[in-house]
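The values are calculated or read from the model by the stated rules, or taken from the named source; none is laboratory data. The shown structure was predicted, so the numbers you read here are calculated from the model rather than taken from an experiment. Cβ placement follows ideal geometry from the backbone for every residue including glycine, while neighbour counts extend to all protein chains displayed. The accessibility values were calculated without ligands, DNA or RNA, using every heavy atom of the protein model including side chains. Shrake-Rupley method; radii C 1.70, N 1.55, O 1.52, S 1.80 Å.
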Amino acid sequence: ENTPRTPVLWMHGLECTCCSESFIRSGNPLAKDVILSMISLDYDDTLMASAGFQAEACMEEAIAKYKGNYILAVEGNPPLNEDGMFCITGGKPFIEKLRHAAKHAKHVIAWGACASWGCVQAARPNPTRATPIHKVLDNPVIKVPGCPPIAEVMTGVITYMLTFGHPPELDRQGRPKMFYGQRNHDKCYRRAHFDAGEFVESWDDQGAREGYCLYKMGCKGPTTYNACSTIRWNGDTSWPVHSGHGCFGCSENGFWDKGSFYDRL
Ligand code: SF4
Ligand code: SF4
Ligand code: F3S
């Protein structure tokens, strides 16, 4: 009870904020418990009450006070074209703010596809040169990809780090193995239909009504490492395949450019 809460600085670059939208819906643990009892969220330019110069002063104060002891959580990425002018926060290019905060961080987390891989803003021809954060920082980066990541995966990663004092085991791409160690296809409830060669052939055919496999409708479950088929979304309510749409691989590197979401095989 007397252990000080771990300071977290959460910053936003080029992104859509749905990673935050996902996070605040975590049911287990509840996002409010993470924010009010587990971490000390000392800076988050989306959630904090202060704004403008006051908010930036909070960030500088936290960096100075907790040097080497805070977690930097990054949502979004820095665009490098035109000296970073495509994303200005606190009056500076985001790349400057990111490097400044990362310099003294104990751990750096990349939330979502934007920070981990670049996401839609980095899709060809990537006019702003949006760049994933591991390419601009010297720190090791814990990647928690997805567009957005599952809420309980986000809070699960933080809970693990607070409980054990170190990040969870990562795979070669920097993703926690505990959540990204399997493909959605491995635990998909439609997998028996895949194995039996029973496929949906058009969106409204009898196979679609019977819940057959969506592989021929472009499902990327066989090449997508994520926990959607096990943890699922919205408190274990559903996930894309359960709603009748194939996985389009939103946690995989370059999924926008790989495309073919609706290609028939
Ligand atoms: Fe939004 Fe996706 Fe980027 Fe998260 S990864 S901020 S959900 S675009
Ligand atoms: Fe695999 Fe997708 Fe078919 Fe599920 S619906 S078994 S994830 S191909
Ligand atoms: Fe994304 Fe596929 Fe899960 S599209 S949300 S990784 S089912």
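One residue is enough: does region 172-189 have a residue meeting the conditions open to solvent by 50 Å² or more (accessible area, probe 1.4 Å), within 16 Å of ligand 1 (Cβ to nearest atom) and part of a loop (DSSP other than H, G, I, E, B)?
The answer is yes; a qualifying residue exists.
Does region 48-68 contain at least one residue that is within 15 Å of ligand 1 (Cβ to nearest atom) and either among the β-branched types (Val, Ile, Thr) or open to solvent by less than 40 Å² (accessible area, probe 1.4 Å) (or both)?
no
Looking at region 3-47, which of the residues that are in contact (Cβ under 8 Å) with a residue 60 or more places away in the chain and charged (D, E, K, R) is most open to solvent (accessible area, probe 1.4 Å)?
Across region 3-47, the extreme among qualifying residues is Arg25.
Can you find a residue in region 224-231 that is within 16 Å of ligand 1 (Cβ to nearest atom), more than 18 Å from the chain's Cα centre (by Cα) and either open to solvent by 20 Å² or more (accessible area, probe 1.4 Å) or modelled with pLDDT of 95 or more (or both)?
no
Restricting attention to region 174-197, does a residue exist that is polar (S, T, N, Q) and away from ligand 2 (no atom under 16 Å from the Cβ)?
no
Keeping to region 190-211, report how many residues are polar (S, T, N, Q) and assigned to a helix (DSSP H, G or I).
So the answer is 1.
Considering each of Gly207, Gly146 in turn, give the residue that is within 16 Å of ligand 2 (Cβ to nearest atom) and touching a residue at least 40 places away in the same chain (Cβ under 8 Å).
After applying the criteria, what remains is Gly146.
Has region 190-203 got any residue that is touching a Pro at 6+ places or on another chain (Cβ under 9 Å), closer than 20 Å to Gly112 by Cα, open to solvent by less than 70 Å² (accessible area, probe 1.4 Å) and modelled with pLDDT of 95 or more?
So far as region 190-203 goes, no, none of its residues is touching a Pro at 6+ places or on another chain (Cβ under 9 Å), closer than 20 Å to Gly112 by Cα, open to solvent by less than 70 Å² (accessible area, probe 1.4 Å) and modelled with pLDDT of 95 or more.
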